[in-house]
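This report concerns only the one structure given below.
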Amino acid sequence: MVDLIQMIVSGFAVGSSYALMGLAMVIIYKTSEVPNFAQGEMALAASFFAMMLLTSFNIPLLPAFFMTFVFAAALGCFLEFAVLRRAKNPNVLGMIVITIGLEMVLVGLVSWKFGAEQKSMPFPIGPYDSFIIKGIFISKLDVLTLVSALLLMGGLYFFSRYSRLGLAMKATQQNSVAARIVGIRTHGIMMMTWAISSVVGAAAGLLISPVIMNPYMMWDPMLKGFAAAVMGGMTSLPGAVIAAYMLGIIENLFGGYISIEFKSVVAFAIIVLVLCFKPSGLFAKHYVKKV
Amino acid sequence: MDMKRDYYEDVRLILSPVAGLWFAGLLSFLYLFPLFVDNYYIYVANYIAINVIVAAGLNLLVGYTGQISLGHAGFFAIGAYGTVTLMAKAGFPFLVALPGAALVAAGFGFLLGLPALRLEGPYLSIATLGFGLTITQVIGRIEFFGGREGLHAPDIVMGPWIIDTDKEFYFLLITLTIFLLLFMRNLIKTRVGRAFIAIRDADIAARTMGINIVAYKTLAFAVSAFYAGIGGGLYAFVLKFIEPEIFSLMMSIMFLAMVVVGGLGSMMGAITGATLLCWLDLKLRNILDIPYVGDWLEHLSRSWFSITGVSNIQFIVFGSIMILIMLFEPLGLYGVWLRTKRYWRTWPF
Amino acid sequence: MNKSVQFILGICLAFLLGFTWSVQAGEGVTDTEIHIGQWGPQTGPAAAWGSVARGTGDYFKWINETGGIHGRKIVYHMFDDGYNPAKTKAGVKELQEGTGIFAWASGVGTSPGLAVKDYLMENKIPWVGPSAGSLSWVTPPEKYLFAVYPLYFLEARALVKYAVETLGKKRIAVAYLNDEYGKNGLDGAIEELKKHNMELVARVPVEKGDTDMKPHLMELRKSDADMVLLWTTVGHAVRIVGTAKAMAFAPQFMSTSTCSDFVLMNEISKGLWEGVICATFGELTDSDHPGIVKYKKEVFEAYAAKSERWGLFYAAGIIFTEPMIQALKNAGRDLTREKFVAEMEKINGFKGIGPMISYKPFDVNDMYSRQGGTQTFLVQCLADGKAKKLTDWMELK
């Protein structure tokens, strides 16, 4: 019984980092219908930037994190402005290839600058300090990730629903020409979207970095986050988060009781099954194409 | 562009005597060049030819039928493992093992096509991605397929011939490639091909016109999986050694990139995309040898970056090429070709 | 089709311009040069091992500066294969047939190596010191392939033997990377336990992409092991040890030579690696062994790049090529591949900064005719990444 609860708790913990990545991807998809494969590497660049500030320039913790978020936002704006906007007649595949190209460039730059060895990130919370409650343990870092994921999800949800900016984002997604006619600066909105998404990704990266820090660390969380976002529905913020937690828990339960090796495989199999029944994901509205 | 006046002109392969001459020239070039160049270039040509086959198959699915697949490395793996095990463990000759394995891959393609009937866009990409990952995991687990240690490919014996050098393999490969590409081209010109295009452009309208979406979508998946399977089977002999790690997500992404960069919905596009990206892939590691640029990069590396990571320039160049082609010519390399053609045709306007 | 065919022809012509006409690939030896090649993952997920190839490069630079080999300088060709066997094969073929390589040194990775092994052996090209202790190099042994890295299989046996006989551990578990490297370690552990009439209490496979080690630890904890043998990558090993600490599960951890760079392990694990016992294939890089001191001063400090670190992987580049240099020197001025192979076979009891290396005349039934390194010793990690030698060099057979 303890084991079962432990697995569920660990599933929550691991689901949080997927949730953050999923959130970041959904934000971009909601506004511009681009599945952003470069999400992981944007987070990676921000994390390495943070490490550089902390170790080479010896800047204290809070200012360094603040500067990292600023950097992440700037990176997001820059990428949108310089690359995504220039794409003419974007169709889904073209955008996928562009974001994959961006991903390669970013990972190449980070690897080039920092080398490929494992590094360590001076984070205030050690990755393995944990709370042990009645034999069930959860690490402090996981709690922090959980809290951040939920806070960010809540914040973004209310932001997109009730604030003017959020409304403008929705309008841009639904019909960008009409939005422009009504006076919404769609270019600014897009840049803002990318900036927000990049900051969320940076948060994910920073929370993953104490455990593992090398140029390839974001590849797996990004894939799982993307899978979670798809399962939850690419246009639903809470959906991505809930699906991410489900994914984490199912993975852990399967790994614990049946087979560790096939853990990830099962995760994807479940997603395919879910998609067979709900083609647009669990929580999104299924837009039926009108002829 | 070139106006076709009737159906038979549309499907004709060789349009005019001059075109026939060019075609003959191309064929003779393809068959004669291995006699003049280093073995290394023949290896590169083999590698490119295999990717051309897979790209053509993927183009059928992505370009002509409008689906997305991030899992083609899975079909590639099935083809490779299938051929090697059928030859090594079950003793079938090469000419039976290869189509056999490809048919198995086509079967899996059909299975993958079933959920694809309801999915589109990123949802379909995740489903196919999951499939690709699953296949490699499952193969890696089964000891019969060599598990994680991989398998060595035996020599190909076809009647009196034993094929064990790159050159001999090249002749076999290029013949197969030409045959497969011609078949693909013809397929596209028939009603099956037109059904695919209809599905891509307006699938609801296609359905109302009586095109059986279920049959054609799954057929598209199956045929493209068949091509990937053949490519995989041949790849096992080019590399002479296969193991599950080779068939990674990166490989699927490369295939997709080849098709998109080359130009969706155009077979010439798929061929050029595959050629360009493979060649870059193999050659970019020598980027530091370029006379001036290489030294400048090393100098830059020492002062601002880490010298140890200098080979990552390959990724940067690769990614930049992908981005630039997509930004400036959404139709890919084929679009570049069309533009140059139009420019020269309508010069001086 | 007309214009498209023209188009393809244009592309092919462009290719032709990039070709060179057939160059006779020589023996790789001229009056003044010996060409030696190596592949290494300078990019990609395995890039941390790229320092092996760079270490060899700096070592060869030093050899050239201190007189070369009988008046010849070594021309070193290193290329990045990104741990992708297709690229490894492409690079090896290009260099072998274009420039002509005399012999190949080291080379990281079992699968890249296996992709080129047949090609090199068929063309009778010597290859010394693959950077992996896999059984694939010597089962069956090949005349032109000389292995140096002590077999993973035997390392595992030595570690388990020490745990059972010296430390008195009774419940042994293994966490292994799910590939050939990990399997070799797993098999070695099982074999040794069989000799003591014991069995593994848990075998936990780890996938390369796994970041969260909790499920693995839960299984290990469930088995109540008192010694856990780690046969994974550096990153996974650190995460396993860390998660174990978080779960208040404290068996004796032991690991293989790939995780024996204690300075690195200590840094990434933030001190949690203390107490882990590892097997290793080379003299400790911070010891005062004369060979280590000499190489550190004359090779590393003189030639290594600013961001390079004097660690195990870098030193490995030297360890795996020392016997090659020795044989080249012994072969004298009149150098051919066959002579080189004969000199390699004569190496017996060669000791550089690695294990003692001995070869024998080629016998297809005796793997030790081509498995040169058969020694290892055990070290334990102390605080600050220092190491304590637990045993001396032990013979593994």
Check your understanding: Do we have C:Val138 as at pLDDT 90 or above, touching a strand residue (DSSP E or B) at 6+ places or on another chain (Cβ under 8 Å), within 30 Å of C:Ala327 (Cβ to Cβ) and among the hydrophobic types (A, V, I, L, M, F, W, C) here?
Key -> no
Review point. How many of the residues making up segment A:125-146 are within 11 Å of another protein chain (Cβ to nearest Cβ) and touching a Pro at 6+ places or on another chain (Cβ under 8 Å)?
Key: 4
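Results for (1) among the hydrophobic types (A, V, I, L, M, F, W, C); (2) in contact (Cβ under 8 Å) with a residue 60 or more places away in the chain; (3) in a loop (DSSP other than H, G, I, E, B); (4) more than 9 Å from chain C (Cβ to nearest Cβ), shown as yes or no for each residue.
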| position | (1), (2), (3), (4) |
| --- | --- |
| A:Ser120 | no, yes, yes, no |
| A:Phe123 | yes, yes, yes, yes |
| A:Ser148 | no, yes, no, yes |
| A:Leu156 | yes, yes, no, yes |
Check your understanding: Is there a residue in segment B:110-129 that is of a type in the set (Phe, Trp, Tyr), without any contact (Cβ under 8 Å) to a residue 60 or more places away in the chain and buried (at least 18 other Cβ atoms within 10 Å of the Cβ)?
Key -> yes
Point to revise | Sole exception among (1) within 17 Å of C:Thr211 (Cβ to Cβ); (2) at pLDDT 80 or above; (3) facing another protein chain (nearest Cβ under 8 Å) for A:Ser264, by number | key: (2)
Point to revise | Test: C:Tyr303 is surrounded by fewer than 22 Cβ atoms within 10 Å (Cβ to Cβ), at pLDDT 85 or above and not basic (Lys, Arg) | key: yes
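Residue by residue, here is whether (1) in contact (Cβ under 8 Å) with a residue 60 or more places away in the chain; (2) buried (at least 18 other Cβ atoms within 10 Å of the Cβ); (3) among the hydrophobic types (A, V, I, L, M, F, W, C) holds:
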{"residue": "A:Trp194", "(1), (2), (3)": "yes, yes, yes"}
{"residue": "A:Gly201", "(1), (2), (3)": "yes, yes, no"}
{"residue": "A:Leu206", "(1), (2), (3)": "yes, yes, yes"}
{"residue": "A:Met222", "(1), (2), (3)": "yes, yes, yes"}
{"residue": "A:Gly232", "(1), (2), (3)": "yes, yes, no"}
{"residue": "A:Ile242", "(1), (2), (3)": "no, yes, yes"}
{"residue": "A:Val266", "(1), (2), (3)": "no, yes, yes"}
Review point. Would segment C:55-70 turn up any residue that is modelled with pLDDT under 90 and under 19 Å from the mean Cα position of the chain (by Cα)?
Key: no
Check your understanding: Just wondering, is there one or more residues in segment C:360-373 that are assigned to a strand (DSSP E or B), in contact (Cβ under 8 Å) with a residue 40 or more places away in the chain and over 17 Å from C:Tyr144 (Cβ atoms)?
Key -> yes
Exercise for review: Scan B:Gly71, B:Gly57, B:Gly100 and give me the residue that is under 22 Å from the mean Cα position of the chain (by Cα), within 11 Å of another protein chain (Cβ to nearest Cβ) and among the small types (Gly, Ala, Ser).
Suggested key: B:Gly71
Review point. Looking only at segment B:155-212, which residues are more than 24 Å from B:Val52 (Cβ to Cβ) and buried (at least 17 other Cβ atoms within 10 Å of the Cβ)?
Key: B:Ala195, B:Ala198, B:Ile199, B:Asp203, B:Ala206, B:Ile211
Study note, to complete from the structure: Within segment B:103-132, the count of residues that are outside any helix (DSSP H, G or I) and in contact with a helix residue (DSSP H, G or I) (Cβ under 7 Å, 6 or more places away or on another chain) comes to 4
Exercise for review: Would you check which residues across segment C:39-92 are on the phi > 0 side of the Ramachandran plot and either outside any loop (DSSP other than H, G, I, E, B) or of a type outside the set (Phe, Trp, Tyr) (or both) and list them?
Suggested key: C:Gly44, C:Gly67, C:Gly68, C:His70, C:Gly71, C:Gly82
Check your understanding: Where residues in segment B:159-196 are in contact with a strand residue (DSSP E or B) (Cβ under 7 Å, 6 or more places away or on another chain) and in a helix (DSSP H, G or I), which of them is nearest to B:Glu9 (Cα to Cα)?
Key -> B:Leu172
Review point. Quick check: is even one residue across segment A:122-131 under 30 Å from C:Pro41 (Cα atoms), buried (at least 20 other Cβ atoms within 10 Å of the Cβ) and of a type in the set (A, V, I, L, M, F, W, C)?
Key: yes
Review point. In segment B:1-46, how many residues are touching a residue at least 40 places away in the same chain (Cβ under 8 Å) and assigned to a helix (DSSP H, G or I)?
Key: 12
**Study point:** Selection status of C:Met213, within 24 Å of A:Glu117 (Cα to Cα) and more than 14 Å from chain A (Cβ to nearest Cβ)
**Key:** no
**Study point:** Members of segment C:249-288 that are within 13 Å of C:Ala315 (Cα to Cα) and within 14 Å of chain A (Cβ to nearest Cβ)
**Key:** C:Thr258, C:Asp261
Point to revise | Restricting segment C:217-237 to residues that are closer than 20 Å to B:Glu245 by Cβ and within 11 Å of chain A (Cβ to nearest Cβ), the residue that is surrounded by the most Cβ atoms within 10 Å (Cβ to Cβ) | key: C:Ala237
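Table: residues versus (1) surrounded by fewer than 23 Cβ atoms within 10 Å (Cβ to Cβ); (2) touching a residue at least 40 places away in the same chain (Cβ under 8 Å); (3) closer than 25 Å to A:Ile189 by Cα.
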{"residue": "A:Ile27", "(1), (2), (3)": "no, yes, yes"}
{"residue": "A:Pro63", "(1), (2), (3)": "yes, no, no"}
{"residue": "A:Phe69", "(1), (2), (3)": "yes, yes, yes"}
{"residue": "A:Gly76", "(1), (2), (3)": "no, yes, yes"}
{"residue": "A:Arg85", "(1), (2), (3)": "yes, yes, yes"}
{"residue": "A:Lys88", "(1), (2), (3)": "yes, no, yes"}
Exercise for review: Would you check which residues across segment A:98-118 are among the charged types (D, E, K, R) and either part of a helix (DSSP H, G or I) or more than 10 Å from chain C (Cβ to nearest Cβ) (or both) and list them?
Suggested key: A:Glu103, A:Lys113
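Matching residues to (1) surrounded by 24 or more Cβ atoms within 10 Å (Cβ to Cβ); (2) away from chain B (no Cβ under 14 Å):
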residue: C:Lys143; (1), (2): no, yes
residue: C:Leu154; (1), (2): yes, yes
residue: C:Val164; (1), (2): no, yes
residue: C:Leu167; (1), (2): no, yes
residue: C:Arg171; (1), (2): no, yes
residue: C:Val174; (1), (2): yes, yes
residue: C:Asn184; (1), (2): yes, no
residue: C:Lys194; (1), (2): no, yes
residue: C:Val201; (1), (2): no, yes
**Study point:** Scan of segment B:317-340 for residues that are buried (at least 21 other Cβ atoms within 10 Å of the Cβ), aliphatic (A, V, I, L, M) and at the interface with another protein chain (Cβ under 8 Å from one of its Cβ atoms), ordered by number
**Key:** B:Met322, B:Ile323, B:Met326
Practice item. Look through segment A:51-84, keep the residues that are assigned to a helix (DSSP H, G or I) and β-branched (Val, Ile, Thr), and return whichever of them is farthest from A:Gln39 (Cα to Cα). Key: A:Thr55
Exercise for review: Filter segment A:90-104 for residues that are among the β-branched types (Val, Ile, Thr), crowded, with 18+ Cβ neighbours inside 10 Å and in contact (Cβ under 8 Å) with a residue 40 or more places away in the chain and give the result.
Suggested key: A:Ile96, A:Thr99, A:Ile100
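The values are calculated or read from the model by the stated rules, or taken from the named source; none is laboratory data. Bear in mind the structure is a predicted one, so any value in this text is a computation, not a measurement. Please note: Cβ atoms are built from the backbone with ideal geometry, for glycine as well, and neighbour counts cover all protein chains shown.
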